[in-house]
Amino acid sequence: MNKINFNYLENYSQSISEKFCSKYFETKKYMSGQEIIQLTPSQQVNLLVIKALFSAWQDELEKLKSNPYFDYRDIAVDNSLKEFMNILSRAIKVERVHFEPLMREAVEDALLLAIDPVTFFIHLIEESKGDRNYFKDTKKYIKWHTDLMGTLMDKSSMGASSSELKMALRAKYENEKNKMERYDRLLEPLHQVQKIDYTKLVEQNDTGSIQEERKTNALDAQETPPVESAEKFATDSTDSSSSTHNQHKAASSEKAIDPALAWARFESEEYSIIKGSIGNLSESVGINQRFMFTRELFQGNADLMKHALQSIDRCDSFVEAVELINQRYVEELDWNKNSDEVNEFLQLVFRKFEQK
C-alpha cells in the first residue's frame, strides 16, 4: 500500500484548484452543471465535483425530512422530491467562493482514489451509513478502479455490514492490485496542467518508472522535516504507564479530558446519531477528517496523527485511550478540550470503544 504525504496532497489540490478557477471565473461569474463536466481534462475530477454537489443536496434533503410536521415517506411526496431534484440539477449556478472548496475536495479525492483506493473506498463505506443503495447511486461518479466499486455494490445489496464491506474490499484489492492501472497514468491529465511531484506525494512500494524517477531525484525530493517530530510526542509503548510520564508533558487537571464525562456525553441521546462501531481508527478516519485533525490537532504533522491513531488502536478501552491522549497530546499540542475538533476526534474514539 502506498503511503501518501497528505500535506503535499492538500497543497497541490489547493494550488491546481485555484488555477482552474482563476481561468474559468476570469470571464464568468457563475459555474453551471454542464460546464463542470468539461472543466478539467480529468473526467474523474469533474465527476467528483458533481458528487460533492449531490452530497450537499442530500444533506439539505435530510434537514428537510427532519421537519416533524410532514410525511416525507408519502409516495407522492417522494416522487415530487425526485422531480424537484432533477429540475434543480439542471439549474446549478455556483459562484467561485462556493465552488472552489468543492473543486479542491474533488481533486483531493481523485488523488486519493488513484493512489490509495482502499482508503478512498473505506471513506465511502463510512459515508454510506448502512444505506444499501448508496453505492449504486454513487457508481456513476466513479470511473477508476470500478472492480472495487462493483464489489461494494454486490456485498452491500446482500446486506453486508460495514466491517464485512471493508474485509471484502481489502480482499478484492489484494487479488486485483497487480492488474490495476497505475496512478501516474490516471493522474496524467492533472500532471499536464500542473506537475505532480510523485517523489513528494507518495512513497513507492512497487517498481516502475515512478520509482526510478524517485531514485534519480532523491536529493531534491527530501521533504522539509516537521518543526517537531512525531517521536517527541509518541513512543512505542502500548499503554500510558509510568514510563510515558517521563517522556511527555501530561495535561493539567484543567486541560485534561475527563473520560467519564466524555463517555456519558456520547452515550446521551444527543449523540445517538454517531453510534455504530468502527474498527481500526487508523483505517477509518475519512479523508476530510484526516486533513482537519492533521491541521487543527497535530500541527500539520500527518505522521504524528497516524502514530496517535495507531497508539489508540492498541488501547483496550475508551478510558485507557483518553488517558493516553491526556498524557501525550493535550498539553504538548495545546488542545482545547471543548473545541469542535477535539470533540469530533473523541467521537471516533468513542465509536471504537463504545462497548468497552
Check: For the subset of the stretch 129-165 comprising residues that are among the polar types (S, T, N, Q) and touching a Leu at 6+ places or on another chain (Cβ under 8 Å), which member is nearest to F6 (Cα to Cα)?
Finding: T138
Next item on the list: Look through F120, F84, F54, F70 and report the one residue that is outside any helix (DSSP H, G or I), among the hydrophobic types (A, V, I, L, M, F, W, C) and either surrounded by 12 or more Cβ atoms within 10 Å (Cβ to Cβ) or assigned by TED's automatic domain parsing to the domain that holds L152 (or both).
Entry: F70
Item checked: Residue count, the stretch 310-319 (criterion: in a helix (DSSP H, G or I) and either in contact with a Cys (Cβ under 7 Å, 6 or more places away or on another chain) or of a type in the set (D, E, K, R) (or both)) -> 1
Next item on the list: Among the helices (runs of 4 or more DSSP H) lying completely within the stretch 146-252, list those that include at least 1 residues that are at pLDDT below 70 and of a type in the set (G, A, S).
Entry: 209-216, 230-233, 242-245
Next item on the list: Exactly one condition in (1) surrounded by fewer than 20 Cβ atoms within 10 Å (Cβ to Cβ); (2) modelled with pLDDT of 85 or more; (3) of a type in the set (K, R) is not met by K275; state its number.
Entry: (2)
Notebook entry, point to check: Of these, L39, L47, which one is surrounded by 13 or more Cβ atoms within 10 Å (Cβ to Cβ), modelled with pLDDT of 80 or more, part of a helix (DSSP H, G or I) and more than 17 Å from the chain's Cα centre (by Cα)?
Noted result: L47
Next item on the list: Kindly provide the set of residues from the stretch 320-356 that are modelled with pLDDT of 85 or more, hydrophobic (A, V, I, L, M, F, W, C) and in a helix (DSSP H, G or I), ordered by number.
Entry: A321, V322, L324, I325, V330, V342, F345, L346, L348, V349, F350
Checklist line | Lone unmet requirement of (1) touching a residue at least 40 places away in the same chain (Cβ under 8 Å); (2) touching a helix residue (DSSP H, G or I) at 6+ places or on another chain (Cβ under 6 Å) for F54 | finding: (2)
Next item on the list: Report whether or not N7 is polar (S, T, N, Q) and surrounded by 13 or more Cβ atoms within 10 Å (Cβ to Cβ).
Entry: yes
Check: Going by the structure shown, is F84 out of contact with any helix residue (DSSP H, G or I) (no Cβ under 9 Å at 6 or more places or on another chain), without any contact (Cβ under 8 Å) to a residue 40 or more places away in the chain and of a type in the set (F, W, Y)?
Finding: yes
Check: Is it the case that N79 is surrounded by 13 or more Cβ atoms within 10 Å (Cβ to Cβ), at pLDDT 80 or above and of a type in the set (S, T, N, Q)?
Finding: no
Notebook entry, point to check: What number of residues in the stretch 301-331 are touching a His at 6+ places or on another chain (Cβ under 8 Å) and among the basic types (K, R)?
Noted result: 1
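The values are calculated or read from the model by the stated rules, or taken from the named source; none is laboratory data. Only a predicted model underlies this, so the values are computations on that prediction, with no experimental measurement involved. Cβ coordinates were reconstructed from backbone atoms using ideal geometry, including for glycine residues, and neighbour counts include every protein chain displayed.
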